[in-house]
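Everything on this sheet refers to the single structure shown next.
Just so it is clear, none of the values below were taken in a lab; they were calculated from the coordinates. Note that the structure is a prediction, hence the values are computed from the model and not measured. Every residue, glycine as well, gets a Cβ built from its backbone with ideal geometry; the counts of neighbours run over all protein chains shown.
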Amino acid sequence: MKYLICIFVGIFITTNVARAECVNPFLNGYENQAAFNIGAGVNDGFLIPSPSEFVPFNMFHIQYSQASTFFGIHARKSLNIIQTLGHGSKYGWNWDKYTIPIAMLSMDVSPWYGDNWYTFIGFGAGFQAQQNKRIGSKLIFSFKLGLGYRLSECTSIEVFAHHFSNGNTAPENNSYAFYGAGLTYSF
């Protein structure tokens with residue numbers, strides 16, 4: 001626990017704290033954003049998954065966001081609709097069984113950013129449509145770590161690692177993990 005507190009204090013101290021003259025790096029001065037993300041699954045239960053065991057499991061993700069702050073750090077709060085799509089078996093899992101829709105609320109913060117780039121750390125909570133052997137509850141939490149680059153005034157691309165689990169609220173917690181990319185449009 002002390003280790004986690006030290007990490008969060010370190011992140012807060014070294015961040016670009018939101019100031020009145022600074023523009024939210026996610027939305028570049030706009031108030032709303034739509035995003036479409038896709039991800040390739042990995043068979044890894046860690047919070048930041050190792051990109052070593054890719055599996056036949058994909059994620060399609062639509063996100064609506066609004067500009068926000070979190071303890072003075074630029075942020076975006078989001079509504080997320082996610083569809084996972086499994087096809088085939090690998091590493092002892094039949095990934096077809098995990099084709100499941102997920103609805104989630106999340107918040108991403110941008111601790112470090114420049115003129116055309118930004119980093120982000122995100123947390124979320126929501127529900128998957130059915131309980132299964134991989135994640136033993138409908139309640140689901142997420143952790144996201146990524147990097148964004150602004151292509152134009154309204155458009156950005158993002159790359160990320162995205163982890164979903166039940167937060168150990170049930171005995172089965174093998175998680176879903178994805179590496180992905182997305183396109184955002186701010187308006």
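Show me the trypsin sites (Lys or Arg not before Pro) within the range 101-167 that DSSP assigns to loop and that have at most 11 other Cβ atoms within 10 Å of their Cβ.
Details: sites: K133, R134, K138, K144, R150; in loops: K133, R134, K138.
Taking the range 101-167 and a limit of 11 other Cβ atoms within 10 Å, the loop trypsin sites (Lys or Arg not before Pro) found are K133.
Compute the projected area of the convex hull of the Cα atoms of the range 21-94, averaged over all viewing directions, and report it in nm² to one decimal place.
Numbers: hull surface 25.8 nm².
For the range 21-94, the mean projected area of the Cα convex hull comes to 6.4 nm².
Let me check the size of the range 72-180 from its C-alpha atoms; what are the radius of gyration and Dmax in Å?
15.5, 46
Counting each pair of different Cα atoms once, what's the Kirkwood radius of the range 104-158 in Å, rounded to one decimal?
Details: mean 1/r = 0.0769 Å⁻¹.
Evaluated over the range 104-158, this radius sits at 13.0 Å.
Report the FRET efficiency, 1/(1 + (r/R0)^6), for S52 and S152, where r is their Cβ-Cβ distance and R0 is 30 Å, rounded to 0.05. Kindly include the intermediate steps, with their values, before the conclusion.
Numbers: r = 35 Å, r/R0 = 1.16.
E(calc), rounded to 0.05, equals 0.30.
Counting only residues 5 or more places away or on other chains, whose amide H sits under 5 Å from the amide H of T69 once H atoms are built in the peptide plane?
A75
Mind listing the phi-derived Karplus ³J(HN,Hα) values for the range 148-159, rounded to whole Hz, using 6.51, -1.76 and 1.60 with θ = phi - 60°, and x for any glycine or proline?
x, 9, 7, 7, 8, 4, 10, 10, 9, 10, 9, 10
Please list, ordered by chain and number, the residues whose modelled amide H lies under 5 Å from the amide H of S175; skip anything fewer than 5 residues away on the same chain.
For S175, whose amide H was placed from the backbone, the distant partners under 5 Å are N166.
Counting only helical runs of four or more DSSP H residues, what would the 222 nm mean residue ellipticity of the chain come to if each run contributes -39,500 (n - 2.57) and the total is spread over all its residues? Numbers along the way, then the final one.
Numbers: 1 runs with 13 residues, N = 187.
Computed ellipticity for the chain at 222 nm equals -2000 deg cm²/dmol.
Can you list the equivalent-ellipsoid semi-axes of the chain, largest first and in whole Å, using the square root of 5 times each Cα gyration tensor eigenvalue? If you can, show how the numbers build up before the last one.
On the way: eigenvalues 169, 67, 40 Å².
They are 29, 18, 14 Å, listed largest first.
Compute the distance from the alpha-carbon center of the range 156-170 to that of the range 35-90, in whole Å.
Each part reduced to its Cα centre gives a spacing of 5 Å.
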